[in-house]
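The structure appears below as structure tokens.
Read-outs throughout are calculated quantities, based only on the coordinates presented, and are distinct from any laboratory measurement. The structure displayed is predicted, hence computed values, not measured ones. Note: ideal-geometry Cβ built from the backbone for every residue, glycine included; neighbour counts use all protein chains shown.
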Amino acid sequence: MFRQREKEEEETEEEEEEEEEEEEEEEEEEKEEEEEEEDEEREEEKEEDEKKRKRRRKRKRRKRRRRRRRKKSTQEKKEEKKKKKDKGEGGGEKEKRTKEKYDMNSA
């Protein structure tokens, strides 16, 4: 009877140990899965951030180009106007009239 009780106790101890080991393994697996999910999320966030950065850079580049083109075209227009004015071709009617007035007054 004593031996039988000892056997039963040993069996229960072994069963408990096995259960504990299984629980530990399950916990480890869960931790690994969580870590993998977190890694995937981080990777996705990195990719999204990189896409945003690229878009921002592209937008800035386009803006700069547009600004340069506008600046260049306005500068060219001013230069053309100045050349015409120097030649005496340019200027609107109002400018011509004021110029005539000054010429008359000085004479």
Legend entry - Matching label, Kirkwood radius over Cα pairs in Å computed from the structure shown, candidates [x] 15.0; [y] 14.5; [z] 23.2: [z]
Inset, instruction - Compute the long axis of helix 2-87 from its Cα atoms, compare it with the longest principal axis of the Cα atoms of the chain, and write down the angle in degrees, 0 to 90, nearest 10. - result: 0 degrees
Inset, instruction - Choose one of Tyr102, Thr74, Gln4: the residue whose Cα lies farthest towards the positive end of the charge dipole of the chain (beta-carbon charges +1 Lys, Arg; -1 Asp, Glu; about the Cα centre). - result: Tyr102
Legend entry - Two-site label geometry, Glu8 and Glu33: point separation in nm, points 7 Å out along Cα→Cβ: 3.8 nm
Legend entry - the chain: calculated mean residue ellipticity at 222 nm from DSSP helix runs of at least 4, using -39500 (n - 2.57): -35000 deg cm²/dmol
Legend entry - Point-charge dipole on Cβ atoms (K/R +1, D/E -1) for the range 1-46, about Cα centre, debye to 20: 520 debye
Legend entry - Cα long-axis angle, helix 93-106 against the chain (0 to 90 degrees, to the nearest 10): 40 degrees
Inset, instruction - Set the Förster radius R0 to 35 Å, insert the Cβ-Cβ distance between Met104 and Thr74 as r into 1/(1 + (r/R0)^6), and round the FRET efficiency to 0.05. - result: 0.50
